[in-house]
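The values are calculated or read from the model by the stated rules, or taken from the named source; none is laboratory data. As the structure is a computational prediction, the values presented were derived from the model and not from experiment. As a convention, Cβ positions derive from the backbone with ideal geometry for all residues, glycine included, and neighbour counts pool all protein chains shown. Each accessible area value is taken on the protein alone, full model and side chains, heavy atoms only, with ligands, DNA and RNA left out. Shrake-Rupley method; radii C 1.70, N 1.55, O 1.52, S 1.80 Å.
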Amino acid sequence: MISLSQPARTGDALRTFRATIRTFIQTEFVPHQDRWREQRFPDADAWTKAGAVGMLLSDVPMEYGGGGGTFAHEAVIVEELTRAGVSFASFIHDSVAHYILAYGTEEQKGNWLPRMARGELVGAIAMSEPTAGSDLQGIKTTARRDGDHYVINGSKTFITNGWHAGLICLAAKTDIRATGPKGLSLIIVEAKDLPGYRVGRPLDKVGTHAQDTCELFFDDVRVPAANLLGPAEGRGSFQIMENMSYERLAIAVAAVATAERAVAVTTKYVKERTAFGKPLIDFQNTRFKLVECKTEAHIARVFLDDCVERFIAGRLDGFTTAMAKYWLTDSECRIVDECLQLHGGYGYLADYPIARMWTDSRVHRIYAGTNEILKEMIASSL
Ligand SMILES: Cc1cc2nc3c(=O)[nH]c(=O)nc-3n(C[C@H](O)[C@H](O)[C@H](O)COP(=O)(O)OP(=O)(O)OC[C@H]3O[C@@H](n4cnc5c(N)ncnc54)[C@H](O)[C@@H]3O)c2cc1C
């Protein structure tokens, strides 16, 4: 688990923060998981409660309402959610805050970040469309300038946090004639009671059922032109390329935490379950498979902690972040699958944590850039 070689005082503060977040998740989120899974989204007040305990924007400066911490705090939150088996996409919410922090004006930061930190505005990132996921330049949603406003038309799909989203970081074409990356801009949409804006029912996924993933529809939606992120139109692709590292690293954190949890849960299981008159752990195959998983999880942890330290120091490049996201999520899925196998039939029952890890982890290889797209990206550095 993230501890990092930081001064003792910082380490202590991080430990206290972890304990607070752990207790909060156990008391406020865990008891509601079955209901959240059934309704396919967390309760709205989960966001304001998370804000009150300091779980949102923990690594955003205090002057904007954030916790004033570093990515180590974000990592602690992702680890604790994973450890508890709770799907709650605060890392996407926080990622939106980092787009605003990086490219927003002082006025935009002052307007949106404090409300995001309190959980009054839930953040979502809306890039993918029905006909364009990996190929972002193929998106069709347009934002046409009309006086002091943009008029937005189009639809988005697979949008995490879409159900409660109050603040959407939207990728749209501001120049439909431009070829290549220059036609795309990021515009912040305040979604509440916005005429022409509509959210579809949460999509029926194979996993992460407690967390909403929705379609969003924009029909002549008018947004102030002042909501453009950055000094000029056409910067969206570059902003996404730069800032996506945050989301990718958060997913890498979840991947390693899941792998470690899978090994822990499975080790316990194979000591309790018997076959042929002895515990499963007494079979050499069981021990060897678990040793392989534990070793791989350990390698993953060392790589991840190094990436996190470098990220905090501003020394992690996009290629290495892409390596971390692709390799650690592939590793996570290998480990979870082996661990499920060691559970036998019980590993296939939804109520068993290993089964949930198996379905929930699979998406890590798909979103924030599929692992194939990331390999293409890394290949460009060869
Ligand atoms: C649960 C969930 C949550 C999500 N949350 C969000 C969100 O919050 N916001 C958002 O904008 N999107 C979100 N997404 C969408 C996600 O980012 C896309 O699904 C992903 O980028 C892939 O796009 P696609 O589904 O259109 O697949 P496609 O782009 O059609 O890809 C299909 C397959 O082809 C491969 N492929 C495509 N192009 C290449 C290439 N050039 N080289 C090699 N292989 C290639 C892909 O790797 C993949 O295996 C989410 C998706 C899921 C499932």
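So which of A232, A275, A252 is surrounded by 21 or more Cβ atoms within 10 Å (Cβ to Cβ) and small (G, A, S)?
Values: A232 fails: surrounded by 21 or more Cβ atoms within 10 Å (Cβ to Cβ); A275 fails: surrounded by 21 or more Cβ atoms within 10 Å (Cβ to Cβ).
Exactly one residue qualifies, and that residue is A252.
Per-residue answers, yes or no, for (1) closer than 26 Å to Q33 by Cβ; (2) within 16 Å of the ligand (Cβ to nearest atom); (3) not small (G, A, S):
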site: C293; (1), (2), (3): yes, no, yes
site: V308; (1), (2), (3): no, no, yes
site: L328; (1), (2), (3): yes, no, yes
site: G347; (1), (2), (3): yes, no, no
site: Y367; (1), (2), (3): yes, yes, yes
site: S380; (1), (2), (3): no, yes, no
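Listed here are the residues, each with its yes/no results for (1) open to solvent by less than 30 Å² (accessible area, probe 1.4 Å); (2) touching a Gly at 6+ places or on another chain (Cβ under 9 Å); (3) part of a helix (DSSP H, G or I).
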| residue | (1), (2), (3) |
| --- | --- |
| H73 | no, yes, yes |
| E79 | yes, no, yes |
| R83 | no, no, yes |
| S87 | yes, yes, no |
| A97 | yes, yes, yes |
| E107 | no, no, yes |
| W112 | yes, yes, yes |
| R115 | no, yes, yes |
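Whenever a residue of the range 249-270 is of a type outside the set (A, V, I, L, M), its partners that are at pLDDT below 95, lying with C-beta atoms within less than 9 angstrom and at least six residues away or across chains, give the pairs E260/M1. Taken over the range 119-144, the criterion of being buried (at least 21 other Cβ atoms within 10 Å of the Cβ), near the ligand (Cβ under 10 Å from one of its atoms) and among the aliphatic types (A, V, I, L, M) is satisfied by A124, I125, A126, M127, I139. Residue pairs whose Cβ atoms lie under 9 Å apart, sitting 6 or more positions apart in sequence or on different chains, and linking a residue in the range 149-160 that is open to solvent by less than 10 Å² (accessible area, probe 1.4 Å) to a partner that is within 13 Å of the ligand (Cβ to nearest atom) and among the charged types (D, E, K, R), are K156/E129; K156/E215; I159/D212; I159/E215. The criterion of at least 2 residues that are β-branched (V, I, T) and touching a Ser or Thr at 6+ places or on another chain (Cβ under 8 Å) is met, among helices (runs of 4 or more DSSP H) falling completely within the range 303-382, by 318-342, 353-361.
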